[in-house]
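Taking it in order: structure first as C-alpha cells, then the write-up.
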Amino acid sequence: MGAGGGAARRRRGTAAGLFGAALLVAGTVLTSGGAYAQPSPPPSGHSAGQGEDEDRDGQGGQGGHEGRKGEHGKNGPKAGSGESPSATPTRRSGAPAATPGAGGAASAARPAPAQGAVLAAAEDGPQAAVPTAQGLQQALAAALADRGLGDVTFAVADAAGGQLLYGSGENTPATPASTTKLATSVAALSLIPGDTRLTTKVVRGAAPGTITLVGGGDPTLTALPADQVQIGGQPVDADTAPASLEALARQTADTLTAAGTATVKLDYDLSMYAGNPRHKNHDSENIALVVPLMVDEAKADPKSRADAPARVTDPALAAAEAFAGLLKARGITVEGGAKPTEAPAAADAPVLGRVDSPTLGRLVERLLTTSDNQLAEAIARQVALAAHQPASFEGAAAAVTQELARLGVPMGDVVLNDGSGLHLDNLIPPAVLVRLLSLAASEQHPALRPVLTGLPVAGFTGTLGKRYGSASGAAAAAGLIRAKTGTLSGVNTLAGIVVDADGRLLAFAVMTRTPATVPADTARAAMDRIAARLATCGCH
C-alpha cells in the first residue's frame, strides 16, 4: 500500500506504534529532563533554542575534519577491579539546584513516561503490519537515487524484533562517525546499572597537611554557579543538573574548618584512567585530553555554545586550580600549586567531600542528544572498568566490542578505536546500527531505553534541532523521527527510529560518503528525506 493510504490511516487515528504514543505525538518529546510540551515549529520547521547544531557532530579542526568546527597524561595504570571507583548508588550530593525554565509550557517539566507506558502499544501497536521489501523499495527509490548522497549504504529493520526488512550494502562496514556513540551507549547501559553515578571526591592525602582531589571520570562536573548551568542552551532540572565543584569545595572547607585546619597542600589523582589521554584526532576543540578530572568538559569558556569550543590544554590542572580558588573563597589557604599524585589515593583515606553526577541513564541521554565527544569517551572508559579492561582508548574499544558481542550483535566486521566516533578508522555496517537500535527498543532490554530517549528529535532537539526545516524537503517529518547523526570529512550518517503510517516502529541507518565538492548540508538533507519517507509510508 502506498504513502497516501498510510496518511489516511494516520488521519483516522490509527496506532502511533510502540513508541509513538509516548514519545512522538502531540508535539511532545522526551528530553533528558523528562517530557516537555514543545511549541509548534515555526514556518522554518525548527523550534526555538532546543539542543545544538548538527555541526557539533565532528566536523572541523584537524584530523581530517572539514568546514565548520564540529562535534563534538599523567595517568597511572589502572588495575582491573571489576567496578569503577566512581560507581555509586542513587544517593546524590553536590548537584546545583535545579533552575526553573523560562517560557511557560515549553519548559514546564512533566513526569517522563513510566517504563511500562513507553513500551505499551497504542491500539494494535506491535501487531501493525510489517512493511515489505518491495513496498520499502518503491517508497524509497526516488530518495535513494539523490545524487547528493554520494556512495550510500542503508538498512531498515522492524524494531520490535530486529528483523532486517530492506537494505543495500547493509553488511558493508562504513565509517560511522558519531553513530559510534550508539555502540558505546548500548554497551554501557547493558553492563552498568543505569542508576550508577560518577563520584568526584576529596580525601586526606598521604603526606601530612595534604588533601587529594580524586578524579572520578565525570567530565560534566561544573565550576559554574547553579543559575548559570545549561545543557544545549536549556536550563537543567534536578535529574540532569551536573555535580558542582563549588559544592565539593564547600563540603571540603567545612570539614577542614571543623577539624581546625586552615592551610593545606593540594594534589590530584588521575589514576582511574590508563594509557595515552590524547585522541588520535585530538584538536583541542572537538575533544580535549581524556582524563578522569575536568570541569565543564574542559571548555576554556564553560558557557560557550560554539560547535567546537576551545578546550584547555591541561584539563586536570585547570580543575584543580579552580577547586583551590573555591577553597580560598571559603577561608582555606592552599600552599603552592596543585600537582598530580605520585600514587593513587588510599582506598580507605578519610573523605572530606564528595559530589555525584546524574545517573548513567541521564548521562547517556546527554551524550547522544548533543553528540558529546568528551562524555562519550568518559562513558566508554566506565565500560572498560566494568569489563576488567584498562580504562584507555584500546581497553574501552575492546570492552564495548566484547559486551555487544555478548548481546548477540554481529561484531565480526566492526572496528572500534574510540567511544565517540571521531576516529577515522572506525567501521560499522548499517545492519549493526539498526541492530543496536532494535535492542534498545526491545522489551527484553528495558535498561537500554535511554538510548532511544536520548536520540535527537527531528527539528526540535540536539544535533537535529536545525534540520528538517522548510527547505529540506523533509519538514513534514519534524517531530516524528529520533536519530543519531554523524559527520566527518566526506562522511554523513543518520541512524534512528521512526513510526510508520501503520504504527510500526522501524529502525533505520543511512551511511554516506561524498566527494569534497558536495556540501555536507546537501547529503544531510538527502538522508533526512529518506527517513521522512519511512514516516509516511505503510510500504506493503
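Given a Förster distance of 60 Å, report the FRET efficiency between residue 145 and residue 339 from their Cβ-Cβ distance, rounded to the nearest 0.05.
0.50
What does the convex hull of the Cα atoms of segment 177-263 come to per residue, in Å³, rounded to a whole number? It would help to have the intermediate numbers written out before the result.
Numbers: hull volume 13.8 nm³, N = 87.
So the per-residue hull volume is 159 Å³.
What whole number of Å gives the distance from the Cα centroid of segment 322-389 to the Cα centroid of segment 475-504?
That distance is 34 Å.
Give me the orientation-averaged projected area of the Cα convex hull of segment 268-378, in nm², one decimal.
Averaging across all directions leaves 8.5 nm² for the Cα convex hull.
Based on the Cα gyration tensor of segment 341-480, what are the three equivalent ellipsoid semi-axes, each the root of five times an eigenvalue, rounded to whole Å and given largest first?
31, 21, 15
I want to check the label-to-label distance for residue 137 and residue 427. Put each point 7 Å from Cα in the C-beta direction and report it in nm to one decimal.
Taking the simple label geometry, residue 137 and residue 427 are separated by 2.8 nm.
Beta carbons within 10 angstrom, averaged per residue: use that to sort the peptides 278-286, 170-178, 346-354, 290-298, highest first.
290-298, 170-178, 278-286, 346-354
At q = 0.22 Å⁻¹, work out log10 I(q)/I(0) for segment 463-540 with the Debye formula, treating every Cα as an identical point scatterer and leaving solvent out; two decimals please.
At q = 0.22 Å⁻¹ the computed log10 ratios are -0.97.
Where does each of 156-164, 476-484, 224-232 land if you order them by average Cβ count within 10 Å, highest first?
Top of the packing list down: 476-484, 156-164, 224-232.
What is the spin-label model distance, in nm, from residue 303 to residue 470 if the labels are put 7 Å beyond Cα along the C-beta direction?
Those two pseudo-labels are separated by 3.3 nm.
Rounded, prolate or oblate: which one fits segment 403-511, using the alpha carbon gyration tensor with axes a ≥ b ≥ c (rounded when a/c is under 1.5, else prolate when a/b beats b/c, else oblate)?
Cα axes put segment 403-511 in the oblate bin.
Of all the C-alpha pairs in segment 251-293, what % are more than 17 Å from each other?
56 percent
How high is the relative contact order of segment 309-420, in percent, counting Cα pairs under 8 Å that sit 6 or more residues apart?
In percent, rounded to a whole number, it is 16.
How high is the FRET efficiency between residue 347 and residue 127 when r is their beta carbon distance and R₀ equals 56 Å, given to the nearest 0.05? Write out the running numbers ahead of the final one.
Numbers: r = 54 Å, r/R0 = 0.96.
Rounded to the nearest 0.05, the efficiency is 0.55.
Rounded to the nearest 0.05, what FRET efficiency is calculated for residue 195 and residue 263 with R0 set to 41 Å and r the Cβ-Cβ distance?
0.60
Name the shape class, rounded, prolate or oblate, that the alpha-carbon gyration tensor gives for segment 386-456, where a ≥ b ≥ c are the square roots of its eigenvalues, rounded holds for a/c under 1.5, and otherwise prolate holds if a/b is larger than b/c and oblate otherwise.
Taking the square roots of the gyration eigenvalues as a ≥ b ≥ c, segment 386-456 is prolate.
Each label point is 7 Å from the Cα along the Cα-to-Cβ direction; what then is the distance between the points at residue 207 and residue 171, in nm?
Inter-label distance under the simple model: 6.1 nm.
What shape does segment 349-400 have by the C-alpha gyration tensor, where a ≥ b ≥ c are the square roots of the eigenvalues, rounded means a/c under 1.5, and otherwise prolate means a/b greater than b/c and oblate the rest? Display every interim value, and only then the final one.
Numbers: a/c = 2.41, a/b = 1.13, b/c = 2.13.
In terms of gyration-tensor shape, oblate.
Run a plain Debye calculation on segment 157-204 (Cα atoms as equal point scatterers, no solvent) and give log10 I(q)/I(0) at q = 0.20, 0.28, 0.31 Å⁻¹, rounded to two decimals, same order as the q list.
The calculated log intensity ratios at q = 0.20, 0.28, 0.31 Å⁻¹ are -0.96, -1.10, -1.11.
Which value, in nm² and rounded to one decimal, describes the direction-averaged projected area of the C-alpha convex hull of segment 468-509?
Over all viewing directions, segment 468-509 projects a mean Cα-hull area of 3.5 nm².
Express the carbon and sulfur contribution to the solvent-accessible surface of segment 357-444 as a percent, rounded to the nearest whole number, probe 1.4 angstrom.
50 percent
The values are calculated or read from the model by the stated rules, or taken from the named source; none is laboratory data. None of the values given here were measured: they were computed from a predicted structure. Please note: Cβ atoms are built from the backbone with ideal geometry, for glycine as well, and neighbour counts cover all protein chains shown. These area figures cover heavy atoms from the full protein model, side chains too; ligands, DNA and RNA do not enter into them. Shrake-Rupley method; radii C 1.70, N 1.55, O 1.52, S 1.80 Å.
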